[in-house]
Structures are given as C-alpha cells and as structure tokens.
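Engineer: Starting off with a structure, shown below.
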C-alpha cells in the first residue's frame, strides 16, 4: 500500500475530501473561544456576552431586590462622596457610589464601599461607653447623661486652669486662656463647622489648642 492509499484510508466518509471532523469536545472548546465569540456574538470589544460564562450570567446584583434607594454622603473623610443606599424591608442591603455626584462621579474608596458594615456590623456600638477612672470594664450610659458629664468637666477644667495674665505690674501680659483643654476635630468636618468650633473654643472658652485632622 503506497502513501497515497494510506492517506485516503484515513479520510472519513461523508466528511469531505481529505477533511476529518473535529471531535465534539474540541469543537465545543473552539466555539467557546472568547475571541471567536466576540466576532460571532456581535461583541467586538469583549464587554458583553462574549466574556461571560454560565455562572457569571446567572449572577444577580445585590440591588435588584431593593425596595427604594436613599441618597447619602460617605462619613469617612472631608471629600464628601455621594452614595446610593439600597434598602429592602427597612434594612440596608448595599451601598454604592452616586454617579450624579460632581465630586466623586459614582466612585468610592475601599472604606466608602464598606460603609454598609457601619450599620449592619455585629460589633457596632449603639450606646455611649464609659470606663470610670481605674475601672476594669465599660459601662453603658444614656447620651444625655454623657453630654452632661462632658459639659461639667469642661467647665471645671476651665475654672481650674484659667490664666488671666502672666507677670505682675507693668510687665503683666494679658492671656485669658486655658491650657487644660484641647480640641481635635474629625476629618468629616467642613469649613463652616470648623469655623464655629474655633469661635466656640477659642473665643468663648479661651482654648488655645484647636486643631483638625482633616487631610483635605
């Protein structure tokens, strides 16, 4: 048997002259090749069905079942990124960026994307915690009582550490200040709030150390 006869014997009848059909599994792999799917499924940029698998096509967004969407602002820093809060049956199910925001344009940093845990986290504290001097455990206090305790201590500290002047006689320098109290503002405070804090602490209470830890 010559070489031509051997080649002819390997041909599959009905498959065309000299053509061997691909096994079904190989044909399926070729058909599912992403580049081929981009062409055959009308997705030349590979942004649609051509890059999806059966498992990804079955995925559903967390926001699909939301009853309503509430607008909010991320509380973490002074940028003020806008958020969409998705609510279902009175519970927050997802928080995402608001594309309509001119500040963040729908983007959130990792901390902003995780703000849902601020509300739904199992370790979130819902009451004021107070540990007495030399105490070994935390106590829960009503908010009104905690605010009164803070006010009482501010007044007492100001009275004990108040400095009217430095020096005596003609060399006296007026001070009208206290060095026993300091204020450190959070990053979420805006310019207007910082202005009011400065007026209250410096102008009203005589506090010298007034600072804000905002980075923006």
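Engineer: Which of 128, 64 has the fewest other C-beta atoms within 10 Å, and how do the rest follow up to the most?
Structural biologist: Ascending number of Cβ neighbours within 10 Å: 64, 128.
Engineer: Something else now. Would you mind computing, in nm to one decimal, how far apart the modelled labels at residue 192 and residue 146 are, each placed 7 Å from Cα along Cα→Cβ?
Structural biologist: 2.6 nm
Engineer: Is the range 91-154 best put as rounded, prolate or oblate by its Cα gyration tensor, with a ≥ b ≥ c the root eigenvalues, rounded for a/c under 1.5, and otherwise prolate when a/b is larger than b/c, oblate when not?
Structural biologist: In terms of gyration-tensor shape, prolate.
Engineer: What's the exposure ranking of 155, 95, going from fewest to most Cβ atoms within 10 Å?
Structural biologist: Result, fewest neighbours first: 155, 95.
Engineer: Continuing with this model, one more query. How many nm is it between the label spots at residue 57 and residue 130, if each spot is 7 Å from the Cα in line with the beta carbon?
Structural biologist: For the pair residue 57/residue 130, the computed spacing is 6.2 nm.
Engineer: Also, quick follow-up: Among 74, 109, rank each residue by its count of other Cβ atoms within 10 Å, from fewest to most, as a rough exposure measure.
Structural biologist: Taking fewest neighbouring Cβ atoms as first place, the list is 109, 74.
Engineer: Next question. Using r as the Cβ-Cβ distance of residue 65 and residue 35, and R0 as 25 Å, what FRET efficiency do you calculate, to the nearest 0.05?
Structural biologist: 0.10
Engineer: If I model a spin label at residue 47 and residue 138 as a point 7 Å from the Cα along the Cα→Cβ vector, what separation in nanometres do I get?
Structural biologist: Inter-label distance under the simple model: 4.7 nm.
Engineer: Rounded, prolate or oblate: which one fits the range 95-216, using the alpha carbon gyration tensor with axes a ≥ b ≥ c (rounded when a/c is under 1.5, else prolate when a/b beats b/c, else oblate)?
Structural biologist: In terms of gyration-tensor shape, oblate.
Where a number appears in this text, it was derived from the coordinates with a stated rule and is not lab data. Quick caveat: nothing in here was measured; it's all calculated off a predicted structure. Because the Cβ atoms are built from the backbone with ideal geometry, glycine has one as well, and the counts that use them run over all protein chains shown.
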